[in-house]
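*Asks:* Please read through the structure below; I'll follow up with questions.
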Amino acid sequence: MSPSIDLIARYYDAFNRGDWEAMLDCLTDDVAHDINQGHRESGRDTFRSFLQRMNRCYREQLHDIVPMVSADGNRAAAEYVVHGQYFADDEGLPPAHGQRYVLPGGAFFEIRDGRIARISNYYNLQDWIAQVSGG
């Protein structure tokens, strides 16, 4: 297994275990995080705050994770299926009351010095909204 594939596997394994510190250990100090259909946030501490918000509002597990890496190991991507539950209202989104959802998603990564320097997450927000709104 390539070091970059191993890094992405460790990152998602930590996510599925809810081990936020292990996830953060996979990131550079200046990590760039492109939030799905949103803005870019920068820095490990900002990512920690993002994880805290996610942990407050959602419980998610990723299944069928398929990582892919460029020949030079500096870029990676992963495709997965999110199985989740929406527990607490998240700003600008429908009210939460424990709705379950299943949603395909993906991410792109930039890797520098053995750590993740950029994460760009993508999923269909309208599909998620329809699922949690009962549509």
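*Asks:* Could you run through segment 47-97 and say how many residues are assigned to a helix (DSSP H, G or I) and either β-branched (Val, Ile, Thr) or open to solvent by 50 Å² or more (accessible area, probe 1.4 Å) (or both)?
*Replies:* Number satisfying all stated conditions: 6.
*Asks:* Output the qualifying pairs, or none if there are none: Cβ atoms under 8 angstrom, residues six or more apart or on different chains, first residue in segment 105-125 and closer than 10 Å to His33 by Cα and small (Gly, Ala, Ser), second residue in a strand (DSSP E or B) and open to solvent by 40 Å² or more (accessible area, probe 1.4 Å).
*Replies:* Close Cβ pairs (under 8 Å, with a partner that is in a strand (DSSP E or B) and open to solvent by 40 Å² or more (accessible area, probe 1.4 Å)) amount to Ala117/Asp30; Ala117/Glu110; Ser120/Phe108.
The values are calculated or read from the model by the stated rules, or taken from the named source; none is laboratory data. Keep in mind it's a predicted model, so treat the numbers as computed, not measured. FYI the Cβ positions are ideal-geometry reconstructions off the backbone, even for glycines, and counts take in every protein chain you see. Side chains are part of the model used for accessible areas, which takes the heavy atoms of the whole protein and leaves out ligands, DNA and RNA. Shrake-Rupley method; radii C 1.70, N 1.55, O 1.52, S 1.80 Å.
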